[in-house]
Amino acid sequence: MRKVRRAKVLGWRWRRNPLRRRSDVVEAWIVLTAWTAATAGAVAAGMVGAQAAQRVVNEDRAGRRPVSAVVVKTVPGSGRDIVTGVRYDRVLATVRWSDGKGKVRTGTVDVKPGAKPGSEVQAWTDAHGRLVSAPVNSGEAATRVVLAGTGIGLATGLTVLGGGRLVRLRVQRRATEQWGAEWERVGREWGHRTG
């Protein structure tokens with residue numbers, strides 16, 4: 001037995017056809033509107049999201065200041081995880097530095113393995129003089145901006161498409177109810193019922 005292949009006709013809802021229902025045209029407009037709005041909305045939201053992420057990254061990078069710190073004590077170890085055997089390029093060390101007001105502070109930072117007490121290392125502080133991690137480099141910043149913009153754009157587009165799908169399902173349900181009511185009316189005119 002041969003399989004029957006159904007030919008997919010693009011734009012069939014737009015063509016004149018005696019079997020075309022009003023709901024078919026409404027569905028076509030819903031699909032067209034949803035895809036157009038989803039595309040435009042995704043692009044706009046992605047751009048706004050990327051700009052917001054860029055602002056956050058710039059503020060974060062501007063709020064960090066490098067300071068020269070002296071290693072007081074390092075955590076013993078070779079920078080290798082005992083369980084997994086993975087080699088680390090950083091170890092924890094207690095450091096001492098002077099903030100902008102002349103106050104001497106101590107804290108813990110990541111340093112290269114083998115840093116000896118008394119050696120100078122670069123640490124990063126925030127506007128209040130507290131230790132923070134180093135700012136992200138330009139490559140990491142660009143990655144964060146692109147991912148934020150893409151994620152926000154995709155979420156917006158999928159939300160609009162989901163809303164369009166819900167509206168389309170409502171139109172289909174209403175068309176099915178109308179078809180059922182019409183079938184009941186026609187069935188009575190025929191004078192007999194099946195089942």
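The table that follows gives values for the structure above.
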| read-out | value |
| --- | --- |
| Members of the range 20-50 that are open to solvent by less than 70 Å² (accessible area, probe 1.4 Å) and hydroxyl-bearing (Ser, Thr, Tyr) | 23 |
| Every pair of residues 6+ apart whose Cβ atoms lie under 9 Å, when the first sits in the range 15-29 and is among the hydrophobic types (A, V, I, L, M, F, W, C) while the second is at pLDDT 85 or above | 26/168; 26/171; 26/175 |
| Residue tally, condition crowded, with 16+ Cβ neighbours inside 10 Å and farther than 17 Å from residue 47 by Cα, over the range 152-166 | 2 |
| Cβ pairs under 8 Å, 6+ apart, first in the range 113-132 and farther than 12 Å from residue 63 by Cβ and open to solvent by 90 Å² or more (accessible area, probe 1.4 Å), second in a strand (DSSP E or B) and modelled with pLDDT under 80 | 116/74 |
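The values are calculated or read from the model by the stated rules, or taken from the named source; none is laboratory data. Keep in mind that what you see is a predicted model, and the values were worked out from it rather than measured. Positions of Cβ are backbone-derived with ideal geometry, glycine not excepted, and every protein chain shown enters the neighbour counts. The protein model used for the area step is the full one, side chains on, heavy atoms only, and it has no ligands, DNA or RNA in it. Shrake-Rupley method; radii C 1.70, N 1.55, O 1.52, S 1.80 Å.
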